[in-house]
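Chemist: My structure is below; once you've seen it, I'll send some questions.
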Amino acid sequence: MSAPGTDPFAAGTRSDPVIDAEVLVIGSGAGGATTAVVLAEAGVDVLVLEEGTWVDQGEVTPYSLDQMDHQYRSGGVTVAFGLPSVAYTEGRCAGGGTEVNSGLYRRPPVDVLERWRHDARIVDFDPDHLAGLADRVEADLSVGPVPGAPTAASEALRRGAERLGWIHDEIPRWMAYAPGANADEGVRQSMTRTYLPRAVAAGARLATGCRVDRIEMQGRRARRAWVTLDDGRRGCVRFRHVFVCGGAIQTPALLQRSGVRGNIGSNLAVHPTVKLAARFPEHINDPTEVPVHQVKEFAPDLSFGGSASNPGLVALALTDQWATFAPAVRDWERMSVYYAAITSEGRGSVRSIPGFRDPVVTYRLSGSDRELLRSGLARLALLALTAGADTVFPSFRGAPAVHDRADLADMNAAWSAARASVMTVHLCSTVPMGEDRATCGANSFGRVHGYRNLWVNDASLLPSAPGVNPQGTVMAFALRNAEIFLADEANGATRG
Amino acid sequence: MRSVRSHLIVSPVAHDLLLIDLPALPVDRRHEVVTFACRRIDHLPTPTKVGVLAVAVVLRCLIAAPGGRRVLGLLAARPVPLLGEYLRLLRSLTAAYVWEHWPATAPDGGRA
């Protein structure tokens with residue numbers, strides 16, 4: 001399908017349009033689309049603004065550089081500065097990160113929810129209620145196991161874990177399959193396939209190619225949003241309430257540009273990952289799919305899984321030690337890329353700088369993070385060897401090729417976190433929610449502390465990195481907060 | 001910063017790095033890869049772009065000096081702070097592009 005609805009900023013309306021909306025939702029990813037559908041289906045007049053464009057599924061090849069050009073911010077080349085720096089990616093398109101990620105789904109872990117409720121003092125926060133909301137998300141997005149046999153790269157993960165006696169499981173995905181379809185024939189149930197069309201059908205307006213430069217404040221109220229359209233026109237949106245749902249980097253950056261102070265942007269949490277390329281005797285590479293198995297033996301500290309592994313990404317995984325690893329690239333069909341992700345103690349920050357369009361992002365790994373990355377990479381290499389890999393190529397400068405268990409000692413000796421290619425796709429906690437104003441940027445329902453009508457409803461709210469793919473958690477939170485907003489509006493009350 | 005084009009600063013270094021890493025890469029492909037790398041650097045977030053271009057200027061001057069390419073080769077083979085990070089970025093962009101677009105490429109860049 002193509003972009004639904006009528007662009008409220010369509011050329012010809014006026015040169016510098018002014019639009020009114022009861023509720024403005026900034027961002028159309030997991031948080032924004034969920035917020036929009038709840039409010040629109042309740043009859044609220046909703047306008048959704050998305051900085052990126054609408055890209056139909058199938059228009060670009062998944063996990064390709066072309067996709068990065070069209071659907072990622074800065075072509076996917078974004079980095080949190082530190083030693084080492086942590087590369088990250090953000091979706092920048094209608095549907096946000098849901099359009100570009102692997103579609104793997106995890107429920108919010110109950111122990112994590114309990115910890116968040118206690119530590120951040122989140123009120124009216126019932127894990128059983130969250131579980132009910134997760135049920136709805138799973139039904140709406142057709143979350144389920146992948147039919148048929150897993151890919152060879154996924155099967156290798158399962159085999160290695162089985163032989164080592166490590167806990168592993170298959171992760172469900174939000175994909176829809178026709179009866180009898182194979183694993184590679186699913187249709188991703190991303191926001192452009194689910195909540196955004198539903199929101200528009202319920203009356204929401206969606207404008208793509210529309211960047212919000214700042215939100216104008218007056219005392220404790222947000223008054224209007226100033227926007228720049230892709231064609232260069234400026235515009236203004238007036239609203240009663242605004243939900244900022246731009247993700248864990250763009251949400252605090254916009255709030256800071258708008259003069260909002262407090263705990264905004266200072267608590268960035270991520271799941272840092274290191275990776276390796278494993279070469280097997282047989283053909284294992286599937287350029288269009290990602291493994292669905294994950295190894296959770298050492299969770300929540302450590303998780304192992306598989307990454308997209310088209311030939312370009314295999315080559316990329318070898319570049320840290322190109323002088324010695326380059327010959328392996330001719331075997332890319334026998335190779336797949338795997339990762340070790342950690343639950344990090346480190347923290348980062350997002351800071352807007354006047355005169356710069358983009359914020360400065362930093363991340364500092366703790367000492368135990370560095371040790372966890374080292375042990376994670378070593379265990380991941382062991383897992384790959386046990387699965388049958390003939391050689392493992394770790395992604396850090398100075399890494400040796402690992403052919404058997406005896407080589408793991410050399411790999412450990414050569415390891416340096418500062419030389420590793422550390423990256424992440426899970427970013428959160430930059431406007432953490434809770435009643436503890438000393439540490440939280442928003443209250444227990446996403447309303448920014450100190451403001452009456454300014455809300456956040458995306459991954460920024462999570463008090464810490466959950467240790468699993470956060471999208472299911474983000475959507476359950478977004479459902480909860482949007483429904484509480486509706487209830488309060490109906491009662492004329494404001495909580496927190 | 002969006003208006004600052006990096007091509008003049010970045011392309012000579014990217015070109016020379018490709019000659020070191022992938023000496024058999026055909027000329028037309030090398031030009032295509034360099035163009036891609038420059039485009040990606042043009043679209044970096046503004047603070048990152050400022051830092052990258054500052055480092056790029058240093059390397060651009062370095063390779064213009066006699067023996068510059070040899071020094072570039074030494075830097076590319078070692079984990080040198082800042083300068084090495086820039087080369088790492090270029091290398092990752094170029095390798096990803098080459099093997100995504102021409103998967104049958106040999107490790108030296110030649111047609112396999």
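The values are calculated or read from the model by the stated rules, or taken from the named source; none is laboratory data. Since this is a predicted model, take the numbers as computed values, not measurements. For neighbour counting, all protein chains shown are included, and Cβ atoms are generated from backbone atoms with ideal geometry for every residue, glycine included. To get the accessible areas, we keep the full protein, side chains included, count just its heavy atoms, and leave off ligands, DNA and RNA. Shrake-Rupley method; radii C 1.70, N 1.55, O 1.52, S 1.80 Å.
Chemist: Restricting to the range A:282-297, and then to whatever is within 13 Å of chain B (Cβ to nearest Cβ) and farther than 16 Å from residue A:388 by Cβ, can you tell me which residue is least open to solvent (accessible area, probe 1.4 Å)?
Modeler: Here is the first cut: in the range A:282-297, the ones within 13 Å of chain B (Cβ to nearest Cβ) are A:285, A:287-288.
Filter once more, so that each one left must be farther than 16 Å from residue A:388 by Cβ: A:287-288.
Details: A:287: 47, A:288: 70 Å².
Of everything passing the filter in the range A:282-297, A:287 is least open to solvent (accessible area, probe 1.4 Å).
Chemist: While we're on this one: Applying the selection to the range A:328-357, what residues are within 12 Å of another protein chain (Cβ to nearest Cβ), under 17 Å from residue A:79 (Cα atoms) and not aliphatic (A, V, I, L, M)?
Modeler: Once the filter is applied, which keeps residues that are within 12 Å of another protein chain (Cβ to nearest Cβ), under 17 Å from residue A:79 (Cα atoms) and not aliphatic (A, V, I, L, M), the range A:328-357 yields A:351, A:352, A:356, A:357.
Chemist: Sticking with this one: Step by step: first the residues of the range A:299-349, then only those that are of a type in the set (Val, Ile, Thr) and out of contact with any Leu (no Cβ under 7 Å at 6 or more places or on another chain), then the one that is farthest from residue B:94 (Cα to Cα). Which residue is that?
Modeler: Residue satisfying both the conditions and the ranking: A:343.
Chemist: Quick one: which strands (runs of 3 or more DSSP E) lie wholly within the range A:240-317 and hold at least 1 residues that are basic (Lys, Arg)? Full working, then the answer.
Modeler: Values: elements: A:273-279, A:293-295, A:302-306.
Here the list reads A:273-279.
Chemist: Follow-up question, since we're still on this one. Test each condition in (1) within 8 Å of another protein chain (Cβ to nearest Cβ); (2) under 20 Å from residue B:30 (Cα atoms) for residue B:79 and report the one that comes out false.
Modeler: (2)
Chemist: Further question on the same structure: Assuming residue B:23 fulfils every condition listed in (1) farther than 25 Å from residue A:312 by Cα; (2) more than 9 Å from chain A (Cβ to nearest Cβ); (3) touching an Asp or Glu at 6+ places or on another chain (Cβ under 7 Å) apart from one, which condition is it?
Modeler: (1)
Chemist: Would you confirm whether or not the range B:74-85 contains a residue that is crowded, with 22+ Cβ neighbours inside 10 Å, out of contact with any Lys or Arg (no Cβ under 7 Å at 6 or more places or on another chain) and under 18 Å from residue A:74 (Cβ atoms)?
Modeler: No, the range B:74-85 contains no residue that is crowded, with 22+ Cβ neighbours inside 10 Å, out of contact with any Lys or Arg (no Cβ under 7 Å at 6 or more places or on another chain) and under 18 Å from residue A:74 (Cβ atoms).
Chemist: Which of the residues spanning the range B:35-64 are open to solvent by 10 Å² or more (accessible area, probe 1.4 Å) and more than 10 Å from every other protein chain (Cβ to nearest Cβ)?
Modeler: Selection gives B:35, B:53, B:54, B:55, B:57, B:58, B:60, B:61, B:62, B:63, B:64.
Chemist: Please work out which residue is farthest from the chain's Cα centre (by Cα), limiting yourself to the range B:85-107 and to residues that are facing another protein chain (nearest Cβ under 8 Å) and small (Gly, Ala, Ser).
Modeler: Among those residues, the one meeting the criterion is B:106.
Chemist: Let me ask another. Being modelled with pLDDT under 95 and either assigned by TED's automatic domain parsing to the domain that holds residue A:174 or crowded, with 22+ Cβ neighbours inside 10 Å (or both) is the requirement here; does residue A:109 meet it?
Modeler: On the way: modelled with pLDDT under 95: yes; either assigned by TED's automatic domain parsing to the domain that holds residue A:174 or crowded, with 22+ Cβ neighbours inside 10 Å (or both): no.
Judged against the criteria, residue A:109 is not a match.
Chemist: Take residue A:274 and decide whether it is within 22 Å of residue B:89 (Cβ to Cβ) and open to solvent by less than 10 Å² (accessible area, probe 1.4 Å).
Modeler: On the way: within 22 Å of residue B:89 (Cβ to Cβ): yes; open to solvent by less than 10 Å² (accessible area, probe 1.4 Å): yes.
So residue A:274 fits the description; yes.
Chemist: Look at residue A:487 and say whether it is on the phi < 0 side of the Ramachandran plot and free of Cβ contacts under 8 Å to residues at least 40 places away in the same chain. Before the answer, list the steps.
Modeler: Values: on the phi < 0 side of the Ramachandran plot: yes; free of Cβ contacts under 8 Å to residues at least 40 places away in the same chain: yes.
Considered against the rule, which asks whether it is on the phi < 0 side of the Ramachandran plot and free of Cβ contacts under 8 Å to residues at least 40 places away in the same chain, residue A:487 comes out as yes.
Chemist: With respect to the numbered conditions (1) touching a Phe, Trp or Tyr at 6+ places or on another chain (Cβ under 9 Å); (2) more than 13 Å from every other protein chain (Cβ to nearest Cβ); (3) of a type in the set (A, V, I, L, M), which one is the sole condition not fulfilled by residue A:318?
Modeler: Going through (1) touching a Phe, Trp or Tyr at 6+ places or on another chain (Cβ under 9 Å); (2) more than 13 Å from every other protein chain (Cβ to nearest Cβ); (3) of a type in the set (A, V, I, L, M) one by one, residue A:318 breaks only (2).
Chemist: Out of the residues in the range A:298-316 that are over 21 Å from the mean Cα position of the chain (by Cα) and within 20 Å of residue A:382 (Cα to Cα), which is least open to solvent (accessible area, probe 1.4 Å)?
Modeler: A:314
Chemist: Among (1) within 24 Å of residue A:67 (Cβ to Cβ); (2) surrounded by 15 or more Cβ atoms within 10 Å (Cβ to Cβ); (3) more than 8 Å from chain A (Cβ to nearest Cβ); (4) β-branched (Val, Ile, Thr), there is one condition residue B:9 misses while meeting the rest; what is its number?
Modeler: Here residue B:9 clears every test but (1).
Chemist: Please determine whether any residue of the range A:127-136 is in the same structural domain as residue A:25 (by TED's automatic domain parsing) and within 27 Å of residue A:56 (Cβ to Cβ).
Modeler: First, pick out the residues of the range A:127-136 that are in the same structural domain as residue A:25 (by TED's automatic domain parsing): A:127-136.
This time we only want the ones that are within 27 Å of residue A:56 (Cβ to Cβ), so: A:136.
Within the range A:127-136, one or more residues are in the same structural domain as residue A:25 (by TED's automatic domain parsing) and within 27 Å of residue A:56 (Cβ to Cβ).
Chemist: Could you pull out the residue among A:384, A:389 that is under 25 Å from residue A:165 (Cα atoms), outside any helix (DSSP H, G or I) and open to solvent by less than 40 Å² (accessible area, probe 1.4 Å)? If you could, list the steps in order and put the result at the bottom.
Modeler: Values: A:384 fails: outside any helix (DSSP H, G or I).
Of the residues listed, the single one that is under 25 Å from residue A:165 (Cα atoms), outside any helix (DSSP H, G or I) and open to solvent by less than 40 Å² (accessible area, probe 1.4 Å) is A:389.
Chemist: Another one. Condition first: buried (at least 19 other Cβ atoms within 10 Å of the Cβ) and over 19 Å from residue A:185 (Cβ atoms). Now tell me which residues in the range A:49-63 satisfy that. Before the answer, list the steps.
Modeler: The first filter runs over the range A:49-63 and keeps only residues buried (at least 19 other Cβ atoms within 10 Å of the Cβ), leaving A:49-52, A:54-55, A:60, A:62-63.
The answer is A:49, A:50, A:51, A:52, A:54, A:55.
Chemist: Just the residues that are outside the structural domain of residue A:287 (by TED's automatic domain parsing), at positive phi and open to solvent by 30 Å² or more (accessible area, probe 1.4 Å), please, taken from the range A:175-217.
Modeler: If the condition is that a residue be outside the structural domain of residue A:287 (by TED's automatic domain parsing), at positive phi and open to solvent by 30 Å² or more (accessible area, probe 1.4 Å), then A:203 is the only one that fits.
Chemist: Applying the selection to the range A:442-495, what residues are out of contact with any strand residue (DSSP E or B) (no Cβ under 6 Å at 6 or more places or on another chain), part of a loop (DSSP other than H, G, I, E, B) and surrounded by fewer than 17 Cβ atoms within 10 Å (Cβ to Cβ)?
Modeler: Answer for the range A:442-495, where residues must be out of contact with any strand residue (DSSP E or B) (no Cβ under 6 Å at 6 or more places or on another chain), part of a loop (DSSP other than H, G, I, E, B) and surrounded by fewer than 17 Cβ atoms within 10 Å (Cβ to Cβ): A:450, A:492, A:493, A:494, A:495.
Chemist: Look through A:129, A:118 and report the one residue that is surrounded by fewer than 21 Cβ atoms within 10 Å (Cβ to Cβ), farther than 26 Å from residue B:52 by Cα, without any contact (Cβ under 8 Å) to a residue 40 or more places away in the chain and away from chain B (no Cβ under 14 Å). Give the steps one after another, and end with the answer.
Modeler: Details: A:129 fails: without any contact (Cβ under 8 Å) to a residue 40 or more places away in the chain.
Exactly one residue qualifies, and that residue is A:118.
Chemist: Give just the number: which of (1) open to solvent by less than 30 Å² (accessible area, probe 1.4 Å); (2) in contact with a Phe, Trp or Tyr (Cβ under 8 Å, 6 or more places away or on another chain); (3) within 27 Å of residue A:418 (Cα to Cα) does residue A:79 not satisfy?
Modeler: Failed condition: (1).
Chemist: For the range A:218-235, give me each residue that is under 14 Å from residue A:49 (Cβ atoms) and surrounded by fewer than 17 Cβ atoms within 10 Å (Cβ to Cβ).
Modeler: Those that are under 14 Å from residue A:49 (Cβ atoms) and surrounded by fewer than 17 Cβ atoms within 10 Å (Cβ to Cβ): A:226, A:228, A:230, A:233, A:234.
Chemist: Another one. What do you reckon, is residue B:18 within 9 Å of chain A (Cβ to nearest Cβ), within 23 Å of residue A:421 (Cβ to Cβ) and aliphatic (A, V, I, L, M)? Explain how you work it out, then say what you get.
Modeler: On the way: within 9 Å of chain A (Cβ to nearest Cβ): no; within 23 Å of residue A:421 (Cβ to Cβ): yes; aliphatic (A, V, I, L, M): yes.
Answer is no for this residue.
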